[in-house]
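Here's the structure, in structure tokens; my notes come after.
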Amino acid sequence: FTKRSLPPEVWNTYYKFTVERNSWELAVSAYWWFRHKHDLDLSFSTFARSRDLIKYSNWRLYTIDDRIAVDEVIHYETLTTSLQDLSSRVGLPEMLDLPREKSGLRPLRPYQEMYDEESRERIADVFRREIDTFGWTFE
């Protein structure tokens, strides 16, 4: 959508980047946000089995014809340092503190503790493209 809405000289000359997150971590984050937003008390395994889980995939936002269409994919796990590096490479001023809009909604514990075998495999199936592309592992 973005490429179609921009003049070719903008699309072809601007530096395009996105941020992506380990799919198993993303699913846990989405779960806690979903619970908060909808004021629901459902289990993570129920959330992981949902048909709507695919809507949490960002793949369609930075790919065209199933190929990455941005210049860089920054991993969420290294967001602060990667954005500082990006800022210096493209000539932007020093980074400001990033807002923490959704912090505090979930327990601070390893995401792996949320999973059973079925939910782990479900995330692997739904987010297969991201996992294969970025080499993420559950551990």
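So which residue, out of Arg21, Arg89, Arg49, gets the largest mean-square fluctuation from a GNM of the chain using Cα contacts under 10 Å as springs? Of Arg21, Arg89, Arg49, the most mobile in the Gaussian network model is Arg89.
Stretched out straight at 0.36 nm per residue, the stretch from Glu72 to Lys16 would grow longer than its current Cα-Cα span by 19.5 nm. In this structure, Arg51 and Ser5 have a Cβ-Cβ separation that, at R0 = 25 Å, corresponds to a calculated FRET efficiency of about 0.25. Mean residue ellipticity at 222 nm, helices only, the chain: -12500 deg cm²/dmol; runs of at least 4 DSSP H residues each add -39,500 (n - 2.57), and the sum is divided by the number of residues.
Computed from the coordinates by the stated procedures, all read-outs in this text should not be read as laboratory data. Owing to the predicted nature of the structure, the values given are computational and were not obtained by experimental measurement. Please note: Cβ atoms are built from the backbone with ideal geometry, for glycine as well, and neighbour counts cover all protein chains shown.
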